1. All but one of (1) open to solvent by 20 Å² or more (accessible area, probe 1.4 Å); (2) in a helix (DSSP H, G or I); (3) free of Cβ contacts under 8 Å to residues at least 12 places away in the same chain hold for residue 172; which doesn't?
2. Being at pLDDT below 95 and in contact with a Lys or Arg (Cβ under 9 Å, 6 or more places away or on another chain) is the filter; apply it to region 179-221 and report the residue that is least open to solvent (accessible area, probe 1.4 Å).
3. Restrict the check to region 115-124 and report whether at least one residue is open to solvent by 50 Å² or more (accessible area, probe 1.4 Å) and touching a residue at least 12 places away in the same chain (Cβ under 8 Å).
4. Check off (1) surrounded by 15 or more Cβ atoms within 10 Å (Cβ to Cβ); (2) outside any loop (DSSP other than H, G, I, E, B); (3) in contact (Cβ under 8 Å) with a residue 24 or more places away in the chain for residue 80 and give me the number that stays unchecked.
5. Every residue in region 68-77 that is part of a helix (DSSP H, G or I) and surrounded by fewer than 17 Cβ atoms within 10 Å (Cβ to Cβ), please.
6. For region 140-158, check the following and say yes or no: at least one residue is more than 30 Å from residue 85 (Cα to Cα), open to solvent by 30 Å² or more (accessible area, probe 1.4 Å) and without any contact (Cβ under 8 Å) to a residue 40 or more places away in the chain.
Amino acid sequence: MSTAGEVDGRVSPGVAVGRVTPGAAAAIADARPRASRTSPADRAAQLATAAEGLALEEGLHALTLRAVAARAGVASSLVAHYAPSMERLVADTFTSIVGAELAEVRAHAIAVRDPNARLQALLATLLDGSRDDVTGVWVDAWSIARRSSVLAEAVREQMTAWHSAIVDALRAAAPASMHVRELDRVAAHVLAMVDGLNAHELVDYGPTGSGLALIARVVERELSLPEGALTR
């Protein structure tokens with residue numbers, strides 16, 4: 001009888017062929033590489049990334065347990081385990097997407113030193129048509145939030161954050177005598193015009209010409225800036 005045993009194609013000296021002692025089996029099992037477990041933080045990040053990708057490509061309406069699970073390559077029950085509710089998942093996905101956009105736009109504007117040029121950069125970036133996928137998420141959010149208090153709260157928070165960013169840019173370019181209430185009013189106008197023009201862009205509607213020029217002329221008047229100061 002041979003004194004060599006074979007397990008998974010490997011010969012183990014001193015073990016009879018066809019038989020593996022419990023001790024040898026345990027040693028062999030310990031020697032095999034083990035699949036690493038995904039940490040809760042990594043799993044949550046994986047699911048968040050899947051939800052964000054789905055929302056950007058297909059809209060917030062597309063976020064369902066099955067759709068997110070399929071995108072992430074996991075079971076629906078796992079998504080349910082990490083998402084306390086679909087309302088919360090939709091709100092968190094919206095917040096992550098638009099929050100990242102705001103951080104990016106802020107960073108782009110802050111890098112410009114001249115106040116007028118910084119305001120122009122902010123407006124131009126918001127209207128350059130490169131973020132139609134994010135605009136679609138905003139439009140979906142406004143619609144869905146009518147029946148979701150959780151999402152409505154998230155939308156209000158992000159609109160407030162955007163308002164503050166616009167006020168900051170306006171304040172730097174405005175006369176020192178301009179009251180904060182006036183800056184708030186102008187910022188509200190700017191935000192409404194940006195949202196409207198970007199929503200129109202999704203369906204190719206609107207007058208011929210630059211959206212930046214439409215908004216810039218209004219802002220120039222409000223801030224007492226020379227005509228063309230924000231479009232040069």
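The values are calculated or read from the model by the stated rules, or taken from the named source; none is laboratory data. Here the structure is a predicted model, which means the values were calculated and not measured. As a convention, Cβ positions derive from the backbone with ideal geometry for all residues, glycine included, and neighbour counts pool all protein chains shown. In case anyone asks, the SASA skips ligands and DNA or RNA and just uses the protein heavy atoms, side chains included. Shrake-Rupley method; radii C 1.70, N 1.55, O 1.52, S 1.80 Å.
1. Evaluating residue 172 over (1) open to solvent by 20 Å² or more (accessible area, probe 1.4 Å); (2) in a helix (DSSP H, G or I); (3) free of Cβ contacts under 8 Å to residues at least 12 places away in the same chain leaves (3) as the failure.
2. Only one residue tops the list, namely 198.
3. Yes, region 115-124 contains a residue that is open to solvent by 50 Å² or more (accessible area, probe 1.4 Å) and touching a residue at least 12 places away in the same chain (Cβ under 8 Å).
4. (3)
5. Hits for region 68-77 are 70, 76, 77.
6. Checked region 140-158: no residue is more than 30 Å from residue 85 (Cα to Cα), open to solvent by 30 Å² or more (accessible area, probe 1.4 Å) and without any contact (Cβ under 8 Å) to a residue 40 or more places away in the chain.
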